[in-house]
Amino acid sequence: MRLCAKRALCILISLSVLLTLLSVFTLSTTASPVSSTPSISVGDKFIVVQTATGEVWGWGDNYYGVLGDAQTAERGTNITNPVQIELPGTVKSTAISAGADHVLVIGSDGNVYAWGNNAYGQLGIDNGGLTVTAPTLVEALRNKNVISVSAGRYFSLALTEGGQVYSFGANNRLQLGYELANSATYSATPTPITALSTVFITQISAGHESAIAVDVNNKAYLWGSVKNSVLGTADQENTSQVPTVLPDTKTTTPIDAVALSVNHSAFLLNDGTVGFMGWNKQGQYGNATTDTDPSMRFKITDTSARNIISVAVSDQQTVLLSADGKVYVAGARIPNDTGSITNTFAPLFEGAAQAPVASAIAAGYQNGAMIAQDGSVWTWGDNSRGQLGNGSVDNATATPQKVMLSNGSAFNSGNLPFVKDVPMTFRATVPAPTYAIAIPSSINVGELRQTDADDPNRYAVKEGFVIEAMNVTNLFGEKEIVLSVEAGDGDSFYLHDGNGTRLPFEILTEADAQDPVQNGGVLATFTQSGSVQTWIRVDQSLITRSGVYNGVVTFRYSAVDIEN
């Protein structure tokens with residue numbers, strides 16, 4: 001490919017004060033209310049939601065106190081409508097994950113809180129395996145700068161801002177990523193996975209007895225039980241493996257996101273397709289086939305035309321979310337119900353006159369769930385413990401049900417508005433940096449993170465390149481970062497969060513900074529030569545919703561010669 005002439009670009013990434021509160025950047029700000037991204041997580045027979053104000057709500061099976069100490073008297077009963085789970089003091093939730101029967105939360109104070117079943121130390125709290133019925137600080141993770149958590153069946157993972165993975169809980173299938181001393185089968189002490197110490201991890205997924213992590217180079221590492229071939233090896237009941245990179249014989253396409261269940265694993269690839277390993281008995285691959293042979297395969301389903309940005313899996317289904325808010329499901333929406341099986345990706349609200357536009361999806365065990373952009377929450381699947389959240393314990397359903405409060409009104413998680421719906425007047429006179437750094441096209445991915453505690457304007461990208469950033473403030477008091485990079489005539493790039501989601505953005509020039517023109521795509525190609533200033537503003541709701549707030553902002557750069 002012929003190289004293009006170089007020009008300078010200034011990238012302006014709009015980051016809310018939320019980022020500074022989470023210690024992504026060391027900036028002095030006045031106190032402001034915590035804003036969280038509405039998100040949802042599905043446990044074995046319960047569901048939890050994080051609202052836009054950082055509250056935690058849940059419903060379903062409360063046997064292990066996963067719905068909080070306010071419901072302790074009702075443990076063993078079914079909570080069929082959402083109840084609020086009180087976090088300590090003024091702490092709000094910024095990230096949430098449900099396991100089989102435990103919950104992990106990252107608090108607004110930067111600490112991790114956990115509650116529920118602790119029989120195997122999966123809470124990271126060494127209390128002799130006692131159940132914890134109220135959100136409790138995980139002391140061992142204090143000051144570790146945890147930015148992401150993932151709760152598996154009886155084990156847990158925590159990812160730090162520095163790309164390090166801690167594991168704790170059951171280890172009967174090496175799901176902690178290492179062997180314990182004296183052949184112990186569990187540990188309540190969060191411990192770094194040394195096999196991953198030489199790579200920078202950007203996302204984690206804890207499954208039934210297996211786990212997957214993805215590094216900054218979009219390579220996947222797999223460990224734990226190989227049962228059902230979920231890790232792409234032979235299906236063996238009692239065989240486990242330590243962290244092992246997914247070989248190029250499976251795929252050489254960069255991996256943007258992963259999801260893992262007891263029966264199959266899913267990989268959202270950079271080209272828009274989805275790769276699968278493990279069982280396809282219920283058609284959860286969505287490729288118009290079903291089979292019972294979980295062989296050592298990596299099957300690709302072409303979903304590229306749908307612009308998929310997120311993937312979730314339960315035991316017998318796969319759920320996809322597109323950039324335009326559509327949800328698609330393949331497999332069994334009702335467990336073991338042949339009548340609810342589709343072996344292609346069908347719209348969740350197929351036939352509906354007006355389907356809600358989704359902003360988040362989740363799946364686990366025997367249920368699927370989504371949050372709509374209007375804040376409403378929808379569930380489908382099993383309801384034997386009230387996990388549909390509609391006030392009943394009745395038959396399972398393949399039709400999405402709106403979650404309702406006990407007073408008969410719809411539960412609402414709240415939501416952050418899209419930038420296009422909010423007046424965002426930017427200063428037109430942003431001083432241009434006097435420096436620029438060339439990023440060779442061979443560097444495909446770079447992570448942006450603070451590297452000097454004494455200098456909040458110094459950040460590093462992959463391979464040791466340094467970008468100097470200067471802070472400016474728009475009229476609404478939000479913090480912004482200006483980066484200077486060099487790109488060539490016809491070169492292209494897109495912004496990308498640490499969890500694999502591409503971020504739509506606006507292109508602003510000095511002339512139109514007060515009246516920006518929305519760029520509708522997720523990929524911009526620049527054809528202008530010479531030295532030009534360009535500002536790019538990312539849709540804030542997508543930043544927080546997709547996880548950039550968690551401490552790692554990444555972008556990709558690739559050279560494309562449009563003349564060929």
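The values are calculated or read from the model by the stated rules, or taken from the named source; none is laboratory data. Just so it is clear, the model here is predicted, and its values are computed rather than measured. Methodologically, a virtual Cβ is constructed for each residue, glycine included, from the backbone with ideal geometry; neighbour enumeration extends over all protein chains shown.
Listed values, structure above:
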read-out	value
Cross-chain or 6+ apart pairs with Cβ under 8 Å, the stretch 290-307 first and at positive phi, then outside any loop (DSSP other than H, G, I, E, B) and of a type in the set (Gly, Ala, Ser)	Asn307/Ser322
Extreme residue, surrounded by the most Cβ atoms within 10 Å (Cβ to Cβ), among residues of the stretch 371-382 that are in a loop (DSSP other than H, G, I, E, B) and in contact with a strand residue (DSSP E or B) (Cβ under 7 Å, 6 or more places away or on another chain)	Asp382
Unique match (being assigned by TED's automatic domain parsing to the domain that holds Ser265, modelled with pLDDT of 95 or more, small (Gly, Ala, Ser) and not in a strand (DSSP E or B)) among Gly351, Gly368, Gly386	Gly386
Flag if Asn111 is surrounded by fewer than 23 Cβ atoms within 10 Å (Cβ to Cβ), at pLDDT 95 or above and in contact with a helix residue (DSSP H, G or I) (Cβ under 8 Å, 6 or more places away or on another chain)	yes
Which listed residue is in a loop (DSSP other than H, G, I, E, B), in contact with a strand residue (DSSP E or B) (Cβ under 6 Å, 6 or more places away or on another chain) and either on the phi < 0 side of the Ramachandran plot or assigned by TED's automatic domain parsing to the domain that holds Thr53 (or both), from Asp126, Asp109	Asp126
Subset tally (residues that are in contact (Cβ under 8 Å) with a residue 24 or more places away in the chain, farther than 19 Å from His208 by Cα and either of a type in the set (S, T, N, Q) or not in a loop (DSSP other than H, G, I, E, B) (or both)) for the stretch 308-338	9
Filter pass, Gly177 being touching a residue at least 24 places away in the same chain (Cβ under 8 Å), assigned to a loop (DSSP other than H, G, I, E, B) and within 22 Å of Thr94 (Cα to Cα)	no
Residues being touching an Asp or Glu at 6+ places or on another chain (Cβ under 9 Å) and buried (at least 19 other Cβ atoms within 10 Å of the Cβ) - total across the stretch 188-202	5
Counted residues, the stretch 100-118 - those being touching a Phe, Trp or Tyr at 6+ places or on another chain (Cβ under 7 Å) and over 17 Å from Asp69 (Cα atoms)	2
Residues (of a type in the set (D, E, K, R) and farther than 24 Å from Asn111 by Cβ) located in the stretch 45-77	Lys45, Asp61, Glu74, Arg75
Conditions (1) out of contact with any strand residue (DSSP E or B) (no Cβ under 9 Å at 6 or more places or on another chain); (2) crowded, with 21+ Cβ neighbours inside 10 Å; (3) of a type outside the set (A, V, I, L, M, F, W, C); number of the one not met by Ser409	(2)
Candidates Thr233, Thr244 - the one that is surrounded by fewer than 23 Cβ atoms within 10 Å (Cβ to Cβ), modelled with pLDDT under 95, closer than 22 Å to Glu179 by Cβ and of a type outside the set (Gly, Ala, Ser)	Thr233
Condition met for Ser183 (free of Cβ contacts under 8 Å to residues at least 24 places away in the same chain and surrounded by fewer than 24 Cβ atoms within 10 Å (Cβ to Cβ))	yes
Given (1) touching a residue at least 60 places away in the same chain (Cβ under 8 Å); (2) under 30 Å from Pro88 (Cβ atoms), number of the condition Ser229 does not satisfy	(2)
